[in-house]
Structures are given as structure tokens and as C-alpha cells.
Amino acid sequence: MTITINIDTIYCLTLNMKIAFIGQKGIPAQTGGVERHVGFLVRELNKLGHEIIVYNRRGYTPVRLREIDGVRLIYKGYINNKNLASITHTFLATLDVIRRRVDIIHYHGIGPSLLLWMPKIFCPKTKIIATLHSFDYDNEKWSPFAKFMLRLGEKVMLATADGVIVLTKETHDYILKKYGSETFIIPNGTELGPVETDSILKFWGLMPNKYILSVSRLIKLKGIQYLISAFKHLPTDMKLVVVGNGEYEEELRLIADNDRRIIFVGNQSGDALRQLYSHAFLFVQSSEMEGMSLSLLEAMGHGCPCLVSDINGNRTALENTGYYFRSKDINDLEIQLKNIIDKPDETVKKGQAAFERAAKEFDWGQVAAKTENVYNTVLNRVNK
């Protein structure tokens, strides 16, 4: 059982640590919120003076970098199968990290946490931190056996890790009620401030403030089908830009039905993605389930007005600085979109309010400092 501590105010003697990250596909992020989370977090931890190792899946990045922003990258293989890729890569990464004498191993996700017992046995002086990003077993893409193993991974995480990080109070309360375990609450983060350049927009024939933006993996659970269906009925010359790819893309294109206003641009990252956030009229996050959407926080951090499904994770992030629609309700989403388009001045004010909230609550520097405090708390707890 972990211990409740206010990580905003705790003071620990901070020492330079050697920290390994396992569970992500890799960095620089090509897809996925976990990968973007890890990429930003390790960059900030490196700035704080820590030695960082990140395990990448072999072939994940187009160029095999050995280091990025001072962070060391180690590549391991995996079985290229939907149900086996994550666990096999985690197994090989864990075998490797055991021999490296790191201070902290930080696992990301309930699936990779199935193997937390390995370093506990073979390097007991190393402390194990795990981040519970989301309840992956709720995703219908997984087989019944895979869902069983993911639920088992959650149990192993809570029983084995020296500290567990969750993104929201809702998840904290759920874990406390179900397992009787306390966790550390640290939200996702975001880069702050819009960018002035808009050169990438011309590539897709876009104009600033004349498009609605969606950024996510294209899987059914993300609810892009509701957004496309609602947008098709709007009498507007705005465009809908769908960023991301995934197994549901073909179905989404069928739903779009060759509407020329709907543009699929694939995965975007770095400056291209920042430009898309910075110059959008509105960001829409229509997911059925989220822990704390990194895409939503990034939109807020760029001052982009936000319309989101009224699920708890979105309400925790946005609070009263944006707009909501009833989750899975296409008609309500259409009504909200029309109302927002008809009130552009109010929308600008919402974008500014969202930015101010992001700057106060979700800066990556703050996230890294809180994570560092968790590491120190666990190390000090054991060493006293």
C-alpha cells in the first residue's frame, strides 16, 4: 500500500538519479498519448539533472537515434502482434534494465506492469514507480484474454509498485475504494503558448481560424464518428481537420462520405501539430473514455477553445473554461457546434480562459517536479 503525501509541498533532499522508463513504444513520439507524455516528462527530468534511459521498440522511429535532448535511448525487439507487442517488449526491456543498477524504474500502463515482479526479485534495491494512464481493458479492441491480463496487470501494479501515479482524483478514488491503496495524483502536462507561424496550414488548404480540429488515435472509443456525423449537417464553410491514424480510420472515412470539408491529415507532431492547435477555431474531443486527454491539454495550452464530451476526465481537465456536449449524443454535439460557430467573440474568451488554466495547472515543468518528488519520497521512505 502506498502512502498519502501532498507532493505539492513535500520537501526531500533531491539527488541526481538514474531513471529508466519502460512501457511506452518509444520517443520521439510517433503516435499515442503515453509516448508524448513520456517524451515531455523525460526532457524535463533531464533538465533537473537526472540520468534518463528510455526503452524504444525496435523500428518505432524512422531513424535509430541513440540520444535525444540528453536522454539515452535503448532499442529492444518485440513480437509484432496486437496482443503480444507491449508485453514482449516490456519483458526484453526489463531483462536489460535489471543489469544496469538504476535508482528508479518507471513503468507506464497496466499492461507492462504485469512484469513489475521481475525487478522486485532480481534488483530489490531499485524502486519501482508505475503510472496508471487509463483502464485499457475497457477498449473493445482487446480479446477477452487480453482484457483479463490487463486487469491482472492493474492488480500487480497496485500490489507491487513502490509508488503508483494516477492522472486524476477520480482514478485515485476508484483505486482507493477498490484496492484500499493510496496513489499520487499528477496530471498530464502541456507545452504553453500558441505559435505565430502557420506555414503548414497552406499544405492542406487551411486558413487560420477557419477549421475545427480533432487530435487522437483513430479508434472507436475516441468517438470521432460522432464528431464527423454532427459536422456533416452543419451549414458552414469551415473545415474539420482529423489528426491521427488507427484501425478505425477506414470506417471514419466511410462516415465522412467524401465531404470535402473533412480532411484526414494522419499523425502530426512537433511544430506541425503546434501550428494546427494554435490556429484552429475550435478543438473538439469527443472520446467516450479518457483518463486525462493529453490532446485536450495541448489544445488548452495553445489557447484553443475546446468543446468536449462531458465525461469525468474531460471535466477534470477543462472545468468551466470550455464547452461540453453529452457523450455519444450526435444531436447535442451538432447543436453545440452550431452555437459556438455563431458566437466567435465568446469562443475567443473561452480559449484564453483555457490557456490560463493550463498555465496554472498543467505545465510540464510542474509535472516533472511533482514526479521527482514521488521518486524522492519512495527513496527516502525506504532509506530512513
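The values are calculated or read from the model by the stated rules, or taken from the named source; none is laboratory data. Predicted, not measured: the structure shown is a model, and the values here were computed from it. A quick note on method: Cβ atoms are made from the backbone with ideal geometry, for glycine too, and the neighbour counts reach across all protein chains shown.
Side notes on the structure shown:
- Residue count for the range 33-92 satisfying the condition of being in a loop (DSSP other than H, G, I, E, B), hydroxyl-bearing (S, T, Y) and farther than 21 Å from K147 by Cβ: 2.
- For the range 155-169, the criterion of being on the phi < 0 side of the Ramachandran plot, modelled with pLDDT of 95 or more, assigned to a loop (DSSP other than H, G, I, E, B) and not assigned by TED's automatic domain parsing to the domain that holds G301 is satisfied by at least one residue.
- Evaluated against (1) surrounded by fewer than 23 Cβ atoms within 10 Å (Cβ to Cβ); (2) at pLDDT 95 or above; (3) more than 25 Å from V308 (Cα to Cα), S229 falls short on exactly one condition, (3).
- The single condition from (1) more than 29 Å from E196 (Cα to Cα); (2) surrounded by 16 or more Cβ atoms within 10 Å (Cβ to Cβ); (3) over 18 Å from the mean Cα position of the chain (by Cα) that A280 fails is (1).
- Condition met for S286 (out of contact with any Asp or Glu (no Cβ under 8 Å at 6 or more places or on another chain), touching a residue at least 60 places away in the same chain (Cβ under 8 Å) and among the small types (G, A, S)): yes
- Restricting the search to helices (runs of 4 or more DSSP H) fully inside the range 257-352 and requiring at least 3 residues that are closer than 19 Å to N209 by Cα gives 270-278, 294-301, 330-341.
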